[in-house]
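Colleague: Here's a structure for you.
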Amino acid sequence: MDHYTGVSARASGGQGGRPLAANTVRGVHAILHAGFAQAVRWDVIASSPADSASPPASRKPKIEPPTPDGLSDALAAVGSDPPLALFLRLAAMTGGRRGQLCALRWTDIDLEAATITFARAVVDVAGEGPVEKST
């Protein structure tokens with residue numbers, strides 16, 4: 001019988017022997033930790049084995065905005081689609097997130113003051129689909 005270790009599960013515990021992502025391992029650890037903690041509260045076990053486990057640190061993906069040349073190329077590629085070109089220009093000029101840009105209304109834009117207010121965002125909620133929420 002093979003001995004289970006977090007390292008081997010992380011390296012080859014995925015489907016077809018593929019590695020597991022750090023966030024997947026963190027999620028599994030959270031579920032097991034909660035289950036073992038409940039078992040301790042119910043006096044089924046004396047201590048939680050998950051207390052001594054250290055899940056891997058989650059890594060945030062490094063976001064790299066396009067270079068000016070990359071932005072020019074993207075705008076040239078969508079030149080025949082004015083709404084998409086406007087969306088890309090607005091995103092580049094404001095730094096607004098996709099959900100914020102999708103939720104913009106004319107009342108959020110003040111042409112005289114040359115301002116845009118991001119007051120809401122469209123988010124995808126599991127089981128509900130796209131939902132508008134305030135920022």
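The values are calculated or read from the model by the stated rules, or taken from the named source; none is laboratory data. Here the structure is a predicted model, which means the values were calculated and not measured. Neighbour counts are summed over all protein chains in view; Cβ atoms, including those assigned to glycine, are modelled from backbone coordinates with ideal geometry. The area values use the complete protein model at the heavy-atom level, side chains included, leaving out ligands, DNA and RNA. Shrake-Rupley method; radii C 1.70, N 1.55, O 1.52, S 1.80 Å.
Colleague: Looking at the range 51-61, is at least one residue in a helix (DSSP H, G or I), free of Cβ contacts under 8 Å to residues at least 40 places away in the same chain and at negative phi? Before you say what the answer is, go through the steps one by one.
Modeller: Step one: filter the range 51-61 for residues in a helix (DSSP H, G or I), giving 51-52.
With the extra rule that they be free of Cβ contacts under 8 Å to residues at least 40 places away in the same chain, the set shrinks to 51-52.
Then keep just the ones that are at negative phi; that gives 51-52.
Yes, that holds for at least one residue.
Colleague: Cβ-Cβ distance below 7 Å, separation of 6 or more or different chains: which pairs start in the range 14-42 with a residue that is free of Cβ contacts under 8 Å to residues at least 40 places away in the same chain and end on one that is polar (S, T, N, Q) and open to solvent by less than 70 Å² (accessible area, probe 1.4 Å)?
Modeller: These pairs meet every condition: 19/12; 22/58; 23/58; 26/58; 33/48; 36/48; 37/48; 40/48.
Colleague: So, in the range 82-113, of the ones that are open to solvent by less than 50 Å² (accessible area, probe 1.4 Å) and not aliphatic (A, V, I, L, M), which residue ends up nearest to the chain's Cα centre (by Cα)?
Modeller: In this case the residue turns out to be 99.
Colleague: Taking the stated definitions as given, is residue 118 free of Cβ contacts under 8 Å to residues at least 60 places away in the same chain, assigned to a loop (DSSP other than H, G, I, E, B) and surrounded by 12 or more Cβ atoms within 10 Å (Cβ to Cβ)? Don't jump to the end; show me each part of the working.
Modeller: Numbers: free of Cβ contacts under 8 Å to residues at least 60 places away in the same chain: yes; assigned to a loop (DSSP other than H, G, I, E, B): yes; surrounded by 12 or more Cβ atoms within 10 Å (Cβ to Cβ): yes.
Yes; evaluated as a whole, the condition is true for this residue.
Colleague: Could you please give the count of residues in the range 63-81 that are in a helix (DSSP H, G or I) and either β-branched (Val, Ile, Thr) or open to solvent by 90 Å² or more (accessible area, probe 1.4 Å) (or both)? If you could, list the steps in order and put the result at the bottom.
Modeller: Step one: list which residues in the range 63-81 are in a helix (DSSP H, G or I), which gives 68-77.
Next, only the ones that are either β-branched (Val, Ile, Thr) or open to solvent by 90 Å² or more (accessible area, probe 1.4 Å) (or both) stay: 68-69, 73.
So the count comes out to 3.
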